[in-house]
Amino acid sequence: MRTLKNPIGLSRAVVALLAGNIFFDVLLAGIEGHDLVADDPYYSDFAVGPVDGAYATAGLVHLATIVVFIVWFHRLRNNAEVWAGDLQGRKPGWAIGGWFVPIGNLWIPRVIAADIWRASRWAPYAPDAKGELTLLNSWWVCFVVGNVTDSIAGRLYKNAETVEAYDTATAWSLVGYGLNVAAAVLAVLLVRRLTSMQHAKATGMIPAAQ
């Protein structure tokens, strides 16, 4: 039998890591944007060591965010099973595996998130209110489009052989950074909202500090 587990600690870690992602996205976008404006695509006048270090650190923060976010997401999915298991379209394992299914990861996590949302509200079986899932949907659109844009930018960088081609790749990369920042901000709001919903619903069922 599944039992409720408090997601508050994990949510705080996720929010902190998302804030780190926002910081590095803005920093790296500034570096790439500077090179684009300076028309110097092959070498930044920023110190090479610190720039390389910023990219490496950003990569580590991003990886840590993925891991902690999925652990938090899986915990919420397990809690949803307690409250409204029959509303969950996929088994709890999909809250982890769904992120790694090629093509399917474009919609599976969003569907699971919506199921979690419904189970976490006071009336799980009530119809969705108008605009109720706007935050979730806005986050998911920015997240998916941002990842697609990053992929396009990466391919353009890889194939760039002229300054113009490099500039095009950089422009796509900057758009990707903007979408990623928007997705991270919305993710912070979503994490706080869903965690708050579950904590409020669980009050009296599990200790708040558990």
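The values are calculated or read from the model by the stated rules, or taken from the named source; none is laboratory data. All of these numbers come straight from a predicted model, not from anything done at the bench. Cβ placement follows ideal geometry from the backbone for every residue including glycine, while neighbour counts extend to all protein chains displayed.
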Inset, instruction - Assess whether ALA58 counts as being out of contact with any Leu (no Cβ under 9 Å at 6 or more places or on another chain) and not acidic (Asp, Glu). - result: no
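Inspect all residues belonging to region 199-206 and state whether any of them is over 30 Å from ILE116 (Cα atoms), in a helix (DSSP H, G or I) and of a type in the set (A, V, I, L, M, F, W, C).
no
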Inset, instruction - Can you confirm whether region 14-31 contains a residue that is outside any loop (DSSP other than H, G, I, E, B) and at pLDDT below 90? - result: yes
Inset, instruction - Residues that are under 28 Å from THR3 (Cα atoms) and over 14 Å from the mean Cα position of the chain (by Cα): find the helices (runs of 4 or more DSSP H) completely inside region 86-196 holding 3 or more of those. - result: 108-120
Legend entry - Cross-chain or 6+ apart pairs with Cβ under 7 Å, region 1-18 first and of a type in the set (A, V, I, L, M), then not in a helix (DSSP H, G or I): LEU4/MET205; LEU4/ILE206
Inset, instruction - For ASP86, work out the one condition from (1) under 20 Å from ALA202 (Cβ atoms); (2) surrounded by 15 or more Cβ atoms within 10 Å (Cβ to Cβ) it doesn't fulfil. - result: (2)
Legend entry - Considering residues of region 146-166 that are at pLDDT below 95 and acidic (Asp, Glu) only, the residue surrounded by the most Cβ atoms within 10 Å (Cβ to Cβ): GLU164
Legend entry - Number of the exception - VAL181 against (1) farther than 22 Å from PHE73 by Cα; (2) touching a helix residue (DSSP H, G or I) at 6+ places or on another chain (Cβ under 7 Å): (1)
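Okay, residues lined up against (1) among the basic types (Lys, Arg); (2) under 23 Å from ALA13 (Cβ atoms); (3) in contact (Cβ under 8 Å) with a residue 60 or more places away in the chain; (4) surrounded by 13 or more Cβ atoms within 10 Å (Cβ to Cβ):
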position: GLY98; (1), (2), (3), (4): no, yes, no, yes
position: ARG110; (1), (2), (3), (4): yes, yes, no, yes
position: ARG118; (1), (2), (3), (4): yes, no, no, yes
position: ALA126; (1), (2), (3), (4): no, no, no, no
position: VAL144; (1), (2), (3), (4): no, no, no, yes
position: LEU194; (1), (2), (3), (4): no, yes, yes, yes
Inset, instruction - Output the residues belonging to region 45-85 that are among the acidic types (Asp, Glu) and either touching a strand residue (DSSP E or B) at 6+ places or on another chain (Cβ under 9 Å) or assigned to a loop (DSSP other than H, G, I, E, B) (or both). - result: ASP45
